[in-house]
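Since every read-out is calculated from the coordinates, none of them should be taken as a lab result. What you see is a predicted model; the values in this text were computed from it and never measured. Cβ sites come from the backbone with ideal geometry, for glycine too, and all protein chains shown count toward neighbours.
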Amino acid sequence: MKLKEFMKKVSHVLPLFVTLKHLFMKPITIQYPDERLKLSKGTIGLHYLDTNKCIGCGTCARICPNKAIVLEDAGVKEIKTARGVIRRPIKHPSIYIGRCMFCGLCVESCPTKALEFTTFYEIASYERKSLYFSYKELAKRRE
Amino acid sequence: MVLKYRFEGYEIEVKDNEILLNLGPQHPSTHGLCRLVIKMEGEKVKEIIPVIGYLHRGVEKICENRSYIQIIPITDRMDYLSSMNNNFAYVLAVEELLGLKIPERAEYLRVIAAELNRIASHLLFIATFGMDIGSFTAFMYGFRDREMILDLLEEMAGARMLYNYMRIGGVKRDVGKEFFERCLKVLDKLEEKLKDYERFFLENELFINRTKGIGILKPEDAIKLGVTGPNLRASGVKYDIRRVDPYSIYDRFDFNVITDNGCDSYARFIVRLKEIKESMKIVRQAIRDIPEGDISARVPKVIRPPEGEVYSRVESPRGELGVYIYSDGKSDKPYRIKFRVPSFANLSAFPHFNKGIMLADLIVSFASIDIVLGDIDR
């Protein structure tokens, strides 16, 4: 009985042992710009556009819930068909990343799988202008 | 002398010995942007008026201008701590409207995702509850352990908070065998950590004194006020939609509905702590039984449901989350969507069971009902 009363009196000290145990654990925080967390394989980052595969159909622009994708003129492209090589003007998607919510509907809906996600996530910027990624910038491979 | 204040459609009278205190909207313990106007007599709370709407984005109206598939990422942003459950409720409603049958594997993946999200949400509750009663250590522990679950969900859905994982007719992507192995490892690790939590909170006299008997919500009041979820179960009412009205494949799993007769903040905390274990049980069973196969049914690219209305509900970490959809049968956009969110009902009940308590206890009671303002304001 006495022991129980004593334990009740000191019970607010007991949780300290839990915290004490943590004192000897490895730190779980990291020093961000120097070290980086390892991301999972399927992490969604900035888009990558394969301009060779893109046929300019505009499905991505239509399905985007925030209308962040616009089609931009991309000059004339040579397309191989059954009748031989034809040249015709083509459009490619450009993304206003500031409006994008990374839902991934554009990547899923792409019929030729020209759009895909990279794991590049450091897109933050000081200027609004630099959040507009034209198709040329999207075609650069980023880690 | 009696002063009269008018705001937001309310009229409140303040006598000489009373003061009107404004708590929030920018206050660390209001979990977002909730404003509480409190009439006090000394330290005692006499009346509480919650003022909401600071995070209103008009989700229901936006949904009327989006096609059915475009709405899924928007439902993520309602209750941002349990996006998977929001997705689940919406997707179930549309599937009922279309009369779709979902492949087995997709059903299992959905349940795993939803339960993992429930664990993450409850861990965050433990963290913020600890923060509100003045225990910063608990805050750190909760966030640390939630990180493990978020890593799993990141592998599953590609995002850490706003997953957009479920699709009409299935899920977005499949996961490999390594994922399940990792998942089981994380659950084992978490079980160890939960023992720490129990030692940290439940044996702690300070914690018990701070939370026991604070904010007593009687079962009959809770039912009358429409409180659902862990808050209702902490009042001793055995009501869990996963059991009462099983959706998806929840009738196949063996788990207990946790109740507690305490009716106070302490009971609400314990119910959530124990629910983490039950969710872990469900995830383990789902990983054991998951079959191979497709992850999505055959769904047309443009979804145009027949005319009709549907109401489907799921047990989100905060309570009953219902989705009402009316389709006019002509367009690929819903005519009307209404979300019945649990946090709103829980916050509406809050002023009724907290009259006469101290101001410092009000924060504890407010933290214990675990509301998310993104959910309330939509």
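Computed over the stretch A:47-140, relative contact order equals 39 percent, with contacts defined as Cα pairs under 8 Å that lie 6+ residues apart. For the stretch A:47-140, the residue among A:V85, A:C60, A:G98 whose Cα projects farthest onto the positive side of the dipole built from Cβ charges is A:V85.
Going from the residue with the fewest nearby Cβ atoms within 10 Å to the one with the most, B:E154, B:E95, B:E43 rank B:E43, B:E154, B:E95.
Rounded to the nearest 20 debye, the dipole size of the stretch B:21-179 about its Cα centre is 320 debye, using +1 on the Cβ of Lys and Arg and -1 on the Cβ of Asp and Glu.
Only the Cβ atoms of Lys and Arg (+1) and of Asp and Glu (-1) were treated as charged; on that basis the dipole of the protein assembly as shown about its Cα centre amounts to roughly 1300 debye.
Membrane-span-like helices in chain B, defined purely by DSSP H runs whose alpha carbon atoms cover 15 Å or more axially and whose average Kyte-Doolittle hydropathy reaches 0.0, are B:83-98, B:104-132, B:136-157.
For the stretch B:77-213, the relative contact order is 26 percent, taking Cα pairs closer than 8 Å that sit 6 or more residues apart in sequence and dividing their mean separation by the residue count. Go ahead and set up a Gaussian network model of chain B, Cα springs under 10 Å, then flag whichever of B:I282, B:I214, B:I49 fluctuates most. So, out of B:I282, B:I214, B:I49, the one fluctuating most is B:I49. For chain B, the relative contact order comes to 25 percent (Cα pairs under 8 Å, sequence separation of at least 6).
What aspartates and glutamates sit close enough to A:K21 to cross-link, taking a C-alpha to C-alpha distance under 14 Å and skipping anything fewer than 8 places away on the same chain? Once the sequence-local aspartates and glutamates are set aside, what remains near A:K21 is B:E192, B:D196.
Cross-link partners among lysines for B:K46, C-alpha distance below 27 Å, same-chain residues fewer than 8 apart left out? Cross-link targets: B:K4, B:K15, B:K212, B:K218, B:K224, B:K355.
Listed from fewest to most Cβ neighbours within 10 Å, the set B:E155, B:E64, B:E275 follows the order B:E64, B:E155, B:E275. With 19 Å as the limit, write out which pairs from A:K38/B:K172; B:K193/B:K281; A:K91/B:K301; A:K2/B:K195 have Cα-Cα distances beyond it, or answer none. Pairs exceeding 19 Å: A:K38/B:K172; A:K91/B:K301; A:K2/B:K195. For the segment A:16-24, counting C-beta atoms of other chains within 10 Å of every residue's C-beta and taking the mean gives 3. Report the calculated FRET efficiency for B:V302 and B:E205 (r = Cβ-Cβ distance, R0 = 56 Å), to the nearest 0.05. Between B:V302 and B:E205 the formula returns 0.35.
Counting only trypsin sites (Lys or Arg not before Pro) that DSSP places in a loop and that have at most 15 other Cβ atoms within 10 Å, the longest clean stretch of chain A runs over A:1-35.
So what's the net charge close to B:G215: Lys and Arg +1, Asp and Glu -1, counting the other residues with Cβ under 13 Å from its Cβ? Net of charged neighbours comes to 0. Only helical runs count toward this figure. For chain B, summing -39,500 (n - 2.57) over DSSP H runs of n ≥ 4 and dividing by all residues gives -14000 deg cm²/dmol at 222 nm. Could you tally the net charge around A:E78, taking each other residue with its Cβ under 11 Å from the Cβ of A:E78, Lys/Arg +1 and Asp/Glu -1? Here the count lands on +4.
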